[in-house]
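Here is the structure we will look at, set down as structure tokens.
None of the figures in this text is laboratory data; all of them are computed from the coordinates on show. Given the structure is predicted, the values throughout are model-derived calculations rather than measurements. Every residue, glycine as well, gets a Cβ built from its backbone with ideal geometry; the counts of neighbours run over all protein chains shown.
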Amino acid sequence: MTRQAMPIEHLRRGGTSVVLNLDGGRLPRILHWGTDLGDLTSAALEAFAGAVEPTVGDSAVTYPQPVPVLPALAEGWLGRPGIVGSRGGRAFAPLFSGSRSTVEDHDGTLRVRTTATDAVSELDILVTIELGPSGLLRAAAELTNTGADAYRLDALEMALPLPSEAAEILDLTGRWALERVPQRHPLRVGSWVRESRGGKPGLDHSTMLTVGEPSLGFRKGRVWGVHLGWSGNQVLAAELVPAGTRFLRAGELLLPDEVVLTPGQTHQSPWVYGSWGEGLDELASRVHRHLRARPTHPRSPRPVVLNTWEAVYFDHDPQRLIALAEQGADLGIERFVVDDGWFLNRRDDTRGLGDWLVDPAVWPEGLDALAARVHELGMEFGLWVEPEMVNLDSDLAREHPDWVFDGGHGTGLPSRHQHGLDLTHEAAYALALERISTLVERLGIDFLKWDHNRYLTDAGHSSNGHAAVRAQTLQAYRMMAELRDLHPGLEIESCASGGGRIDLGVLEHTDRVWPSDCNDPHDRVDIQRWTGLLVPPELQGTHIGAMESHTTHRVAPLDFRAATAFWGHFGIELDLATLNPDETEAVRAWVQQHRAVRDLLHSGDVVHADTQPAVRLEGVVGADRRSALFQFVVLDRPAVWPPERLRFPGLDPDRTYRVSEFVPGASVPEGQRPPWLSAGVSLPGRVLAEAGLEAPSLDVDRSVLLRLDAAGS
């Protein structure tokens with residue numbers, strides 16, 4: 001049902017209220033975004049709008065106005081405007097008027113669509129604002145050139161307001177093999193800007209830029225966050241202007257002339273997502289529930305994976321890999337993935353990239369026998385690809401040097417000995433698509449691990465030198481979509497040197513992400529924790545790595561590695577042939593136990609206790625709150641010991657739960673066990689959350705899993 005909007009609209013979904021001022025012919029201004037304000041009458045909404053109207057005084061420029069979703073210079077906005085562009089220097093300050101808005105309830109999502117025009121700048125705009133059932137807000141804009149000459153668009157960035165209590169920024173940074181590292185600092189006058197300029201969000205991507213009450217945590221402090229559903233260059237920012245207005249903004253970071261609208265042409269922005277919560281857990285849960293409600297969200301149990309990378313690296317041998325697959329099937333593995341090294345001349349990472357043909361020197365009979373054996377064993381078959389990249393030492397680069405990105409100074413600096421393959425050449429796109437699609441069809445490939453290792457710092461289209469990052473991102477989306485259309489049921493993972501391309505844009509085309517190339521559980525605990533601000537467990541690839549991590553060279557016992565990998569889309573990256581009998585049986589037990597509880601892990605609410613820095617307590621609570629799994633981890637040796645009590649968040653306060661050790665592997669040593677851990681204990685959820693239980697006195701880099709079951713479950 002669609003209706004004409006009221007001057008003041010109140011959207012309510014999932015514990016969230018959004019109050020929009022649609023009056024005066026202007027674009028929407030958000031008067032409130034956050035906690036549910038209840039059922040307000042039209043009169044109450046009008047009164048509220050008047051009550052928050054600022055005093056203008058003698059200057060309409062410097063007053064603290066409500067945040068428009070697209071702030072405009074011509075409306076007296078002194079921060080960064082929502083639209084930056086011009087017609088050769090003209091029409092640089094658009095002012096839209098005559099707006100008309102409609103409201104639609106689309107399958108539980110409230111959608112406000114506002115159209116407006118600027119006859120002088122010769123631009124039309126359509127702004128869409130949606131509030132979904134989970135309380136997740138999102139906004140996008142379509143800008144149309146109605147003039148007779150070209151309009152160059154340099155930025156189109158949506159803004160979301162912040163209240164006065166939002167005074168501390170918490171965002172994420174990182175690097176290869178150490179993604180999603182949190183950092184905090186006050187929101188001061190000015191802009192805190194996070195840019196991604198490498199053709200993907202990047203390893204240091206903020207992922208969710210949040211601002212909230214000082215000392216906010218997972219369970220405390222109101223917090224608001226913004227995310228851009230886009231896999232190319234982008235900008236996220238938090239701003240405080242001298243008039244006191246606070247807001248978040250996000251949009252594509254456009255390179256020169258990437259968007260030049262010809263007469264009649266329309267540009268569609270990516271979705272800007274906004275979430276809020278009483279603590280980070282609630283903020284994240286809105287995104288998780290949104291993702292889980294998508295028709296494309298994976299519905300089948302997430303298959304346990306065996307990936308060959310850390311087992312064999314480039315040392316491919318058909319019989320060895322067939323034996324590895326057979327060992328994996330015996331342990332309960334459900335998906336076998338052949339990683340980098342299978343294609344032409346690929347004996348290391350200096351050559352072969354782009355030649356998506358099976359190397360007959362290593363695989364004289366092709367991958368057919370391996371794929372057939374994997375399927376015969378009842379497992380899915382997966383393959384690593386990197387369609388957007390090329391080595392200069394490859395047949396593809398030698399035959400088509402013009403398909404390699406060139407920013408005007410040659411192919412630029414190599415990274416991992418590779419360069420960008422310009423998929424905006426239709427012939428290059430068609431070749432990559434055809435070769436990969438042929439393999440998927442021939443081998444019955446069920447899963448593609450899609451990598452993207454090089455930053456696109458010099459991505460010039462080789463025929464004219466024009467910047468092509470945005471077009472390349474769209475071509476990647478297009479290829480993923482075409483492959484899935486051609487091969488129904490095909491699943492794809494987004495990997496980019498680990499966690500370099502994790503966003504809600506790529507998740508429209510993929511079924512999981514790879515949070516990091518680091519499988520060291522000491523670091524992975526927090527990498528997975530902070531990736532979870534956006535991505536629920538079932539979409540995070542989490543694998544058991546080698547005893548000595550190949551990224552950090554830290555040594556960790558099998559049970560700690562397995563317990564850390566347990567919490568996502570579980571997998572193994574070990575050479576199973578090197579395990580002794582006890583280790584083999586331990587892996588078998590972890591696989592079996594994960595398969596037994598993954599329905600809970602991949603559907604429940606993710607919760608984190610706010611603990612001292614040396615320890616972590618986090619888990620998943622079932623949607624009906626009758627069962628839960630938690631992990632307690634010790635990561636450091638603090639001066640004060642033993643650790644604080646375990647206080648379990650997210651439980652039903654009025655249910656009684658039995659708490660017991662969940663033991664896929666070795667149990668906690670006797671000298672480290674509090675009395676309740678040996679006997680088990682039953683207590684109300686309110687007591688477990690508020691008073692807690694004595695923590696096991698674990699050594700560093702050790703963990704224990706705990707199961708909570710409500711009485712009568």
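Find how much the distance from L37 to R292 grows on full extension, using 0.36 nm per residue of separation minus their present alpha carbon separation; answer in nm with one decimal. Mind dumping the intermediate values first?
On the way: separation 255, 0.36 × 255 = 91.80 nm, distance 2.61 nm.
Contour length minus Cα-Cα distance gives 89.2 nm.
Could you give P(r) for region 149-188, binned at 10 Å from zero, as whole percent values over all Cα-Cα pairs?
Pairs per bin, as whole percents: 20, 27, 31, 16, 6.
Stretched out fully, how many nm does the piece from V61 to S667 gain, at 0.36 nm a residue minus the Cα gap? Mind showing how you got there, number by number?
Numbers: separation 606, 0.36 × 606 = 218.16 nm, distance 6.60 nm.
Full-extension gain reported as 211.6 nm.
Can you work out the FRET efficiency for the pair R442 and Q183, with r the C-beta to C-beta distance and R0 = 30 Å, to the nearest 0.05? Write out the running numbers ahead of the final one.
Values: r = 47 Å, r/R0 = 1.58.
In this case the efficiency is close to 0.05.
Quick query: amide H of G460 versus all other amide H atoms, modeled in the peptide plane; which residues come in under 5 Å with a sequence gap of 5 or more or a different chain?
When sequence neighbours closer than 5 places are left aside, the close amide H contacts are D406, G407.
Starting from one equal scatterer on each C-alpha and no solvent at all, send me the Debye-based log10 I(q)/I(0) for the chain at q = 0.05, 0.06, 0.10, 0.11 Å⁻¹, two decimals.
The computed values of log10 I(q)/I(0) come out as -0.26, -0.37, -1.03, -1.21.
Please report the spacing between the Cα centers of region 330-354 and region 597-627 in Å, no decimals.
Measuring centre to centre over Cα atoms gives 34 Å.
Provide, as a two-decimal number, the C-alpha radius of gyration of region 660-703 over 2.2 N^0.38 Å, N being how many residues it has.
Details: Rg = 11.5 Å, N = 44, 2.2 N^0.38 = 9.3 Å.
Expressed relative to 2.2 N^0.38 Å, the Cα Rg reads 1.24.
Whose amide H sits under 5 Å from the amide H of L344, counting only residues 5 or more places off or on another chain, with H placed in the peptide plane?
Placed amide hydrogens put L357, D359 under 5 Å from L344.
Got a sec to turn the phi values of region 311-318 into Karplus ³J(HN,Hα) couplings, 6.51 cos²θ - 1.76 cosθ + 1.60 with θ = phi - 60°, whole Hz, x for Gly and Pro?
7, 10, 6, 8, 7, 7, 8, x
Please give the calculated 222 nm ellipticity per residue for the chain, where each DSSP H segment of at least 4 residues contributes -39500 (n - 2.57) and the sum is spread over every residue; nearest 500 deg cm²/dmol? Kindly include the intermediate steps, with their values, before the conclusion.
Details: 13 runs with 142 residues, N = 713.
Helix-only estimate at 222 nm: -6000 deg cm²/dmol.
For region 173-232, max minus min Cα coordinate along each principal axis, in Å, sorted largest first?
Over region 173-232, Cα extents along the principal axes are 34, 27, 19 Å.
Could you give the length gained by full extension between A148 and R588, i.e. 0.36 nm per residue of separation minus their alpha carbon distance, to one decimal place? Mind dumping the intermediate values first?
Details: separation 440, 0.36 × 440 = 158.40 nm, distance 6.80 nm.
Gain on stretching A148 to R588: 151.6 nm.
Relative contact order of the chain, please, whole-number percent, based on alpha carbon pairs below 8 angstrom and at least 6 residues apart. All intermediate terms of the calculation are to be shown ahead of the outcome.
Numbers: 1705 pairs, mean separation 68.6, N = 713.
For the chain, the relative contact order is 10 percent.
Please compute one quarter of the surface area of the Cα convex hull for region 256-407 and express it in square nanometres.
Mean projected area of the Cα convex hull: 15.3 nm².
Looking only at region 224-244, which residues have a backbone nitrogen under 16 Å from a spot 7 Å from the Cα of V52 in the C-beta direction?
It comes to 224-225, 244, nothing else.
Can you give me the long-range amide H partners of L31? Hydrogens built in the peptide plane at 1.01 Å from N, cutoff under 5 Å, separation of 5 or more residues or another chain.
V19, L20, N21
If the viscosity is 1.306 mPa s and the temperature 10 °C, what translational diffusion coefficient in µm²/s does Stokes-Einstein give for region 591-643 when Rh comes from Kirkwood over Cα pairs? Each step should come with its number before you reach the end.
On the way: Rh = 12.5 Å.
Answer, rounded: 127 µm²/s.
Whole-Hz Karplus ³J(HN,Hα) for region 144-152, in order, using 6.51 cos²θ - 1.76 cosθ + 1.60 and θ = phi - 60°, x for Gly and Pro?
10, 8, 9, x, 9, 10, 6, 10, 8
Could I get the Rg over Rh figure for region 206-327? Both from C-alpha atoms, Rh via Kirkwood, rounded to two places. Present the calculation step by step, with values, prior to reporting the outcome.
On the way: Rg = 22.0 Å, Rh = 19.0 Å.
Radius of gyration over Kirkwood radius for region 206-327 works out to 1.16.
Which distance in nm do the two modelled labels at S86 and H550 give, with both placed 7 Å along the Cα-to-Cβ direction?
Roughly 5.2 nm, to one decimal.
Report ³J(HN,Hα) in whole Hz for each residue of region 114-122, in order, from the Karplus equation J = 6.51 cos²θ - 1.76 cosθ + 1.60 where θ = phi - 60°; Gly and Pro get x.
Karplus-based 3J(HN,Hα) across region 114-122 equals 10, 10, 7, 9, 10, 5, 6, 7, 6 Hz.
Distance from a point 7 Å along Cα→Cβ of L357 to each backbone N in region 380-399: keep the residues under 18 Å and list them by number.
Backbone N within reach: 386-387, 390-399.
For the pair E376 and M1, how long in nm is the line joining their label points, each one 7 Å along Cα→Cβ?
With each label point 7 Å from Cα toward Cβ, the separation is 6.1 nm.
Applying a 10 Å radius around every beta-carbon, put 316-329, 333-346 in order of their mean neighbour count, most first.
Values: 316-329: 18.2, 333-346: 22.7.
For the peptides 316-329, 333-346, the packing ranking is 333-346, 316-329.
Rank by packing, highest mean first: peptides 530-539, 439-448, 639-648, with packing defined as the count of other Cβ atoms within 10 Å averaged across residues. Kindly include the intermediate steps, with their values, before the conclusion.
Numbers: 530-539: 24.5, 439-448: 19.5, 639-648: 14.8.
Ranking the peptides 530-539, 439-448, 639-648 by packing returns 530-539, 439-448, 639-648.
Could you give the distance between the Cα centres of region 385-462 and region 310-327, to the whole Å?
That distance is 26 Å.
State the Cα centre-to-centre distance between region 101-125 and region 516-592 in whole Å.
Distance between centres, Cα-based: 47 Å.
What does the charge add up to near P360, with Lys and Arg as +1, Asp and Glu as -1, over the other residues with Cβ less than 13 Å from its Cβ? Don't jump to the answer; show the numbers that get you there.
On the way: positive: R346; negative: D355, D359, E365, D368.
Result for the neighbourhood of P360: -3.
Can you pull the Rg over Rh of region 172-272, Cα-only, Kirkwood?
Values: Rg = 15.6 Å, Rh = 15.2 Å.
Dividing the radius of gyration by the Kirkwood radius yields 1.02.
How much of the pair distance distribution for region 94-205 lies past 19 Å, counting alpha-carbon pairs only, in percent? Provide the component values of the computation, followed by the final result.
On the way: 4104 of 6216 pairs.
That tail contains 66 percent of the Cα-Cα pairs.
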